[in-house]
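Only the coordinates and a few stated rules stand behind these numbers; no lab work does. The structure displayed is predicted, hence computed values, not measured ones. Reconstructed Cβ throughout: ideal geometry from the backbone, glycine too, with neighbour counts over all protein chains shown.
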Amino acid sequence: MRTSEKEIVRSLPLFSEMAEDHLDEMLTGSFLQRFPATVVLFSESDHTDFLHVLVDGQVELYASANNREGTMTLIKPVATFVLASALTDSAYQLSARTLESSQILMIPAQNVRTAMSNDQGFAQKAVRELALCYHGVVRAYKNIKLRTAVERLANYIIVQNRRQGETGVIKLPIEKRTLASMLGMTPENLSRAFATLKPYGIRVDGAEICIEKPGDLETLAKPSELIDAH
């Protein structure tokens, strides 16, 4: 690996406390590759061969059953994904595909498991990352179980507005089809949810959303730090 690529790995919290020799051992056999958009990186039933590190681009994790498909989460750089599967030497459990041209570092899963046994700093960081992922899953589950489709969309808009500088105008970072799947809706239900939000000051123009009555939107959404904290 190039020194610049190694520094990308070192910059991630998961690897920041690793001893230098253990990091070098873990990265043996790793490679950095660029994939075009819409490439399936792995399927949920495949055995986990690599821990993936998204360096650039965007990746969708999704699942399929009974001829239905659902977006589970989106990965943005710089971040690892499928750590739990790599550590347990099991199937990926989720499928992954690129949403745009993406650069991904792939670290052999066996190397990750060896590092877990040999490097205390890495082991502690891995436990913390798994715990944070667990909290993320709990928040997502509560969002689906405790809110209506309209409330989920309203809270998504509020979160995106905060992330994009609270200007009252946001640009959807993903296609509406993907957004609908991530929020547990069909595209048709998403369109109806946007229409329901119109009296609350939401105006939609393609991928751009204007929030004209933020107070009314928050009254409807009832945002919660226990669900929406990131």
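Please check: in the Gaussian network model of the chain (C-alpha springs, under 10 Å), which one of L94, L132, L23 has the largest mean-square fluctuation.
Of L94, L132, L23, the most mobile in the Gaussian network model is L132.
When we measure straight from the Cα of K76, which lysines land under 26 angstrom away, once same-chain ones fewer than 8 places off are left out?
Cα-Cα hits under 26 Å: K6, K125, K142, K145, K171, K176.
By how many nm would the segment from N67 to L130 lengthen if fully extended, with 0.36 nm per residue of separation less the alpha-carbon distance?
19.7 nm
Towards the positive end of the charge dipole of the chain, with charges on Cβ (+1 Lys, Arg; -1 Asp, Glu), say which of V55, L14, P223 has the farthest Cα.
Most positive-ward Cα: P223.
Could you calculate the contour length gain from D21 to A229, that is, 0.36 nm times the residue separation minus the distance between their Cα atoms, to one decimal place in nm?
Answer, rounded to one decimal: 71.2 nm.
Check every DSSP H run in the chain and write down those whose alpha carbon atoms cover 20 angstrom or more along the long axis and whose mean Kyte-Doolittle hydropathy is -0.5 or greater.
Numbers: long enough: 120-146 (39 Å, -0.01); 149-163 (21 Å, -0.27).
For the chain, where a helix must reach 20 Å along its axis and average at least -0.5, the hits are 120-146, 149-163.
Let me test this: with uniform point scatterers at the alpha carbons of segment 80-134, what is the Debye-based log₁₀ I(q)/I(0) at q = 0.17, 0.21, 0.22, 0.26 1/Å?
-0.61, -0.89, -0.95, -1.17
How many angstrom lie between the C-alpha centres of segment 111-135 and segment 1-61?
Cα centroid to Cα centroid, the span is 15 Å.
Calculated from DSSP H runs of 4 or more alone, at -39500 (n - 2.57) each and per residue, what is the 222 nm mean residue ellipticity of the chain, nearest 500?
-13500 deg cm²/dmol
Within segment 111-129, which residues have the backbone N less than 17 Å from the label spot 7 Å out from H47 along Cα→beta-carbon, could you tell me?
Only 111-114 pass the distance filter.
Give the shape of the chain as rounded, prolate or oblate, defined through the alpha-carbon gyration tensor: a ≥ b ≥ c are the square roots of its eigenvalues, a/c under 1.5 means rounded, and otherwise the shape is prolate if a/b is larger than b/c and oblate if not.
Prolate.
If you stretched the chain out fully between Q120 and K76, how much longer would it get, using 0.36 nm times the residue separation minus the C-alpha to C-alpha distance?
13.1 nm
By what distance, in whole Å, do the Cα atoms of segment 147-228 stretch along each of the three principal axes, largest value first?
27, 27, 23
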